[in-house]
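**Q** Could you have a look at this structure, given as structure tokens, before my questions?
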Amino acid sequence: MEAFKYQKEKNNILNICVFYSSVEGEDMNEFQKFCIFGVKINCYDMKKCIFLLVLAACFCLNVSAQNASDAAGYIVKLGDAAPDFEMTLTDGQKVKLSDLRGKVVMLQFTASWCGVCRKEMPFIEKDIWQKHKDNASFALYGIDRDEPLERVKAFAKQTGVTYPLGLDPGADIFALYAERNAGITRNVLIDKDGKIVLMTRLYNEDEFAALCKKIDELLK
């Protein structure tokens, strides 16, 4: 009979299953069978079975802690390799992040319904895009969260931005960097080696100034 079952899945990366069944009539009146990470282990020693179960539980807790979000909702950290993805821009072109290695890349997560995004985007256009758009070592992409193409195009016109916007159906790209249901207004700056060097949340003048300064430094 099934006595214990634990399953955890995080961002479609991790799948852990621990299964325990008990059958009467064997040694110590109980025959324990564990399945950990898909490997079956026959165990007649209750202490050993409990040890295996505790070990698996500790591993699960450790992985959960590693994937926990920070106070801003990010699940990535400074110094991490930026998670790779491919997206379609509003003009139909496809962009893959790993193909941009060797460039300084800024990702701006946004959406038309986000008031703070609308406030910040003209500053991104004026102080970042217009300043660096002709620099072959720089790339900037807005990533619109789960909205249809025509709405994203209209959003670009309304905010007056000319930097490229990409589509993120289901917020799957967003979920590589932050909790899927976390707030949308955020920027991620990636260096030429593909490492995350700065992350912002909401629009704060000092934080935005630090973002602009960091871009200038990386492009020197």
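**Q** Could you please let me know if ALA156 is closer than 23 Å to VAL76 by Cα, in contact (Cβ under 8 Å) with a residue 12 or more places away in the chain and of a type outside the set (D, E, K, R)?
**A** Working: closer than 23 Å to VAL76 by Cα: no; in contact (Cβ under 8 Å) with a residue 12 or more places away in the chain: yes; of a type outside the set (D, E, K, R): yes.
No; evaluated as a whole, the condition is false for this residue.
**Q** Follow-up question, since we're still on this one. Of all residues in region 113-158, which are crowded, with 20+ Cβ neighbours inside 10 Å and β-branched (Val, Ile, Thr)?
**A** Answer for region 113-158, where residues must be crowded, with 20+ Cβ neighbours inside 10 Å and β-branched (Val, Ile, Thr): ILE124, ILE128, ILE143, VAL152.
**Q** Give GLY166, GLY115 a once-over and let me know the one that is without any contact (Cβ under 8 Å) to a residue 12 or more places away in the chain and either in contact with a helix residue (DSSP H, G or I) (Cβ under 7 Å, 6 or more places away or on another chain) or of a type outside the set (Lys, Arg) (or both).
**A** On the way: GLY166 fails: without any contact (Cβ under 8 Å) to a residue 12 or more places away in the chain.
Step by step, each of GLY166, GLY115 is checked, and only GLY115 is without any contact (Cβ under 8 Å) to a residue 12 or more places away in the chain and either in contact with a helix residue (DSSP H, G or I) (Cβ under 7 Å, 6 or more places away or on another chain) or of a type outside the set (Lys, Arg) (or both).
**Q** Taking region 125-151, which residues are among the β-branched types (Val, Ile, Thr) and in contact (Cβ under 8 Å) with a residue 60 or more places away in the chain? I'd like the intermediate steps shown before the answer.
**A** Kept after step one, since they are among the β-branched types (Val, Ile, Thr), are these residues of region 125-151: 128, 143.
Correct list: ILE128 only.
**Q** While we're on this one: Test LYS103 against the criterion of being touching a residue at least 60 places away in the same chain (Cβ under 8 Å), basic (Lys, Arg) and either buried (at least 17 other Cβ atoms within 10 Å of the Cβ) or not assigned by TED's automatic domain parsing to the domain that holds ASP191 (or both), and give yes or no. Explain how you work it out, then say what you get.
**A** Details: touching a residue at least 60 places away in the same chain (Cβ under 8 Å): yes; basic (Lys, Arg): yes; either buried (at least 17 other Cβ atoms within 10 Å of the Cβ) or not assigned by TED's automatic domain parsing to the domain that holds ASP191 (or both): yes.
Considered against the rule, which asks whether it is touching a residue at least 60 places away in the same chain (Cβ under 8 Å), basic (Lys, Arg) and either buried (at least 17 other Cβ atoms within 10 Å of the Cβ) or not assigned by TED's automatic domain parsing to the domain that holds ASP191 (or both), LYS103 comes out as yes.
**Q** While we're looking at this one, here's another question. What is the number of the single condition among (1) surrounded by 17 or more Cβ atoms within 10 Å (Cβ to Cβ); (2) outside any strand (DSSP E or B); (3) of a type in the set (Phe, Trp, Tyr) that PHE109 does not meet?
**A** (2)
The values are calculated or read from the model by the stated rules, or taken from the named source; none is laboratory data. Remember, it's a predicted structure, so these values are computed and weren't measured experimentally. Note that we place each Cβ from the backbone using ideal geometry, even for glycine, and neighbour counts take in every protein chain shown.
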